[in-house]
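The values are calculated or read from the model by the stated rules, or taken from the named source; none is laboratory data. These numbers come from a predicted model, not from an experiment. Cβ placement follows ideal geometry from the backbone for every residue including glycine, while neighbour counts extend to all protein chains displayed.
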């Protein structure tokens, strides 16, 4: 039974890898199962033994990547921001195809939303812990969305080579920006409570 599990895992990994390669070349809706199985040298029946359709494979591929990001998000930003950013940038460097896919916009809206929610929740937890902020969840969600969008844009520009600096310089830049944003929300919330 365990050999079968390993074989299924290898098959799914090969299918996810092939889909990732194809997504780097074309949009999701342009990919066919025939093209995918040809790339993996598998049969259509093998594909259907593992997935109902391409959307299910795409979801599995995205969930697999997000599961790895969950581990990174547990390194709470703000409290340990250098460790957090180092782990995130290491993940991006070790997974260039996946990183390119996420930044190219050729992933589902659900995946992008899940990643945003994942990091927002982690960021809100850090804000509450470090600054003892008593704001409502909605206030902090808006702030976290603003911060996440800015950080994501900078990391994307760095990934695409539009911002040229070392990983350590980028970690410092992101940490400083995050600190500025955190202090800004702390000031705004303290003013609103007066």
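So in region 134-153, with the set limited to residues that are surrounded by 16 or more Cβ atoms within 10 Å (Cβ to Cβ) and within 21 Å of residue 105 (Cβ to Cβ), which one is nearest to the chain's Cα centre (by Cα)?
That would be 152.
Each row is one residue, and each column tells you yes or no for (1) surrounded by fewer than 12 Cβ atoms within 10 Å (Cβ to Cβ); (2) more than 27 Å from residue 58 (Cβ to Cβ); (3) modelled with pLDDT under 75; (4) not assigned by TED's automatic domain parsing to the domain that holds residue 73.
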{"residue": "124", "(1), (2), (3), (4)": "no, yes, no, no"}
{"residue": "160", "(1), (2), (3), (4)": "no, no, no, no"}
{"residue": "166", "(1), (2), (3), (4)": "yes, yes, no, no"}
{"residue": "173", "(1), (2), (3), (4)": "no, yes, no, no"}
{"residue": "177", "(1), (2), (3), (4)": "no, yes, no, no"}
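Need the failing condition index for residue 23 against (1) more than 30 Å from residue 144 (Cβ to Cβ); (2) assigned to a helix (DSSP H, G or I); (3) modelled with pLDDT of 90 or more, just the number.
It is condition (1) that residue 23 fails.
Quick check on residue 114: is it out of contact with any helix residue (DSSP H, G or I) (no Cβ under 6 Å at 6 or more places or on another chain) and in a helix (DSSP H, G or I)?
no
Of the residues 98, 92, which is in contact with a helix residue (DSSP H, G or I) (Cβ under 6 Å, 6 or more places away or on another chain), over 20 Å from residue 28 (Cβ atoms) and part of a helix (DSSP H, G or I)?
Values: 98 fails: over 20 Å from residue 28 (Cβ atoms).
None of the other options fit; the residue is 92.
Being buried (at least 18 other Cβ atoms within 10 Å of the Cβ), out of contact with any strand residue (DSSP E or B) (no Cβ under 8 Å at 6 or more places or on another chain) and without any contact (Cβ under 8 Å) to a residue 24 or more places away in the chain narrows it down to one of 88, 36, 57, 71, so name that one. Steps first, please.
Working: 88 fails: without any contact (Cβ under 8 Å) to a residue 24 or more places away in the chain; 57 fails: without any contact (Cβ under 8 Å) to a residue 24 or more places away in the chain; 71 fails: buried (at least 18 other Cβ atoms within 10 Å of the Cβ).
Residue meeting the stated conditions: 36.
So if I check each of 5, 52, 60, which one is more than 12 Å from the chain's Cα centre (by Cα) and not in a helix (DSSP H, G or I)? Reasoning before the result, please.
Values: 5 fails: not in a helix (DSSP H, G or I); 60 fails: not in a helix (DSSP H, G or I).
The match here is 52.
Could you look through region 93-120, keep only residues that are touching a residue at least 40 places away in the same chain (Cβ under 8 Å) and surrounded by fewer than 15 Cβ atoms within 10 Å (Cβ to Cβ), and pick out the one that is farthest from residue 139 (Cα to Cα)?
Top of the filtered list is 97.
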